[in-house]
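Student: Sharing a structure, written as structure tokens. Questions coming.
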Amino acid sequence: MSTTDDLYAGSSDTTEGKVFTVTGQDWDSIVDGLGAMDDESADERIVVNMGPQHPSTHGVLRLILELEGETVTEARCGIGYLHTGIEKNMEYRSWVQGVTFCTRMDYLSPFYNEMTYVLGVERLLDIEDQIPEKAQVMRVLLMELNRISSHLVCIATGGMEIGALTVMTIGFRERELVLDLFELITGLRMNHAFIRPGGVAQDLPPGALDEIRSFVALMKKRLPEYADLCNANPIFKARLEGVGVLDLEGCLALGLTGPVLRSTGYPWDLRKTQPYSGYETYDFDVQTWDTADSYGRFRVRLAEMWESLKIIEQAADRLARLDGAPVMVADKKIAWPSQLAIGSDGMGNSLDHIRHIMGESMEALIHHFKLVTEGFRVPAGQAYVPIESPRGELGAHVVSDGGTRPFRAHFRDPSFTNLQATSVMSEGGMVADVIVAIASIDPVMGGVDR
């Protein structure tokens, strides 16, 4: 046997049939090349791999397209390129540390990942009724700010992909303002791990409410720009209207939720249909459209940002009345980190708390040490609490065996479910319309490949 022979695989040709290497030339030249072939070869399908490339396939999404000319006859999704392993990693961390992992899934709306997981843990702990009001209001405030920032990215990148670069630049301009608020409140611009079992990590810093109100006032001036640029723009509408059509029956059959479902005219929003965190006490409307296409999904997201601003204003007014109120459950066996506050150096615990656990009470130090290193125990059982993320129904199925770590945590991410619509939306359309259809779904691949 030759030393060059492969012991495990025989040799074979790497290709079969006619191979076309497309290097950027005009599409007409490829079609002409096909026409010059014999009749038998000309009938063969062309399979094109679109992606993974950013931004047009929204991250590490690979699309396998079967084409006839420029018409898509079959479209399939190839997922599984991130390999984050978040759900499995959570089984080896405490219940609180799990927040640090799941916040990184759908990285455009991290607060929602944290929220659905924490709600499941709180249900298992049976402390849902003990969460302080201020913590609930802060959660709603952060989620609605996050909804705006997520929708801005969707609209901005979707505009860029069809050549509307002004929409992209102003979209990211406004998103930066939201991230500035996140940084002010949580210390981080994304991947916050701020929503914890029992409440939130810390209170609002001084001046936060003034900054939030200034942001709302500015956004009320800025959002009409998107309407002026897009709503009646004949070029924008021509690229979106009638593209990626999926009616109500199709959405229900595939389990699609969020703006894709509401663009069919069906007002399904978990904030109204299955309220959580006091959403039933806020005044807002569920936004729908009636075209079931990419344009309708754009209009739904644009309208939802206005509704989020209404909720943020109401939350800010409530927080003003709750000044000094607790933001973590009173049970010290669950509350972690204990009495966290920003010190004079802008970091870490308050000096009063450090003085107590380090110099005044050995019992307090032991408790703090065990709570941080080992964590609290969660009664055996399982819970699933869905919430309405910017992309649809997001839920965490949390299972406990009575220990200090999740036995299992599995997320129902809307990006994963909604991607099922790729083939239905794309087949029969043009290659250029595939990008529009995918953008209207607004998938985040961190949530798809967990």
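The values are calculated or read from the model by the stated rules, or taken from the named source; none is laboratory data. This is a predicted model, so every value here is computed, not measured. Backbone-built Cβ (ideal geometry, glycine too); neighbour counts: all protein chains shown. Side chains included, ligands, DNA and RNA excluded: accessible areas come from the protein's heavy atoms. Shrake-Rupley method; radii C 1.70, N 1.55, O 1.52, S 1.80 Å.
Student: Report, largest value first, the span of the C-alpha coordinates of the range 148-239 along each principal axis, in whole Å.
Tutor: 49, 24, 19
Student: Straight-line reach from Lys88: which lysines fall under 29 Å, measuring Cα to Cα and dropping same-chain residues less than 8 apart?
Tutor: Cα-Cα hits under 29 Å: Lys332, Lys333, Lys370.
Student: Helix 110-125 against the longest principal axis of the chain: what's the angle in degrees, Cα atoms only, rounded to the nearest 10?
Tutor: Computed tilt is about 50 degrees.
Student: Any chance you could give the angle, 0 to 90 degrees and rounded to 10, that helix 208-226 forms with the longest Cα principal axis of the chain?
Tutor: Rounded to the nearest ten degrees, it is 20.
Student: Roughly speaking, what is the stretch gain from Asp126 to Glu280, that is 0.36 nm per residue apart minus the C-alpha to C-alpha distance, in nm to one decimal?
Tutor: My answer for the length gained is 53.4 nm.
Student: How much net charge surrounds Asn418 when only the other residues with a Cβ under 11 Å from the Cβ of Asn418 are counted, with Lys and Arg +1 and Asp and Glu -1?
Tutor: Combined, the nearby Lys, Arg, Asp and Glu give -1.
Student: Spelling out what I want: for every residue of the range 288-301, take phi, set θ = phi - 60°, compute 6.51 cos²θ - 1.76 cosθ + 1.60 (Karplus), and round to whole Hz; glycine and proline get x.
Tutor: Along the range 288-301, the couplings run 9, 9, 10, 9, 6, 10, 5, 5, x, 5, 4, 5, 4, 5 Hz.
Student: Using Cα atoms only, what is the angle between the long axis of helix 362-373 and the major principal axis of the chain, expressed in degrees (0 to 90) to the nearest 10?
Tutor: Rounded to the nearest ten degrees, it is 10.
Student: Sticking with this one: Specify, per residue and in Å³, the volume enclosed by the convex hull of the alpha carbon atoms belonging to the range 59-216.
Tutor: 139 Å³
Student: Stokes-Einstein diffusion coefficient for the range 127-195 at 20 °C in a medium of 1.002 mPa s, Rh from the Kirkwood formula over Cα pairs: what value in µm²/s?
Tutor: 161 µm²/s
Student: Between their Cα atoms, which of Lys221/Lys310; Lys220/Lys310; Lys134/Lys220 are more than 21 Å away from each other?
Tutor: From the list (Lys221/Lys310; Lys220/Lys310; Lys134/Lys220), the Cα-Cα distance tops 21 Å for Lys134/Lys220.
Student: Roughly how many percent of the accessible protein surface of the chain is carbon and sulfur, given a 1.4 Å probe and a whole-percent answer?
Tutor: Reported share for carbon and sulfur atoms: 53 percent.
Student: Looking at the P(r) of the chain, how many percent of alpha-carbon pairs lie beyond 30 Å?
Tutor: Everything past 30 Å amounts to 50 percent.
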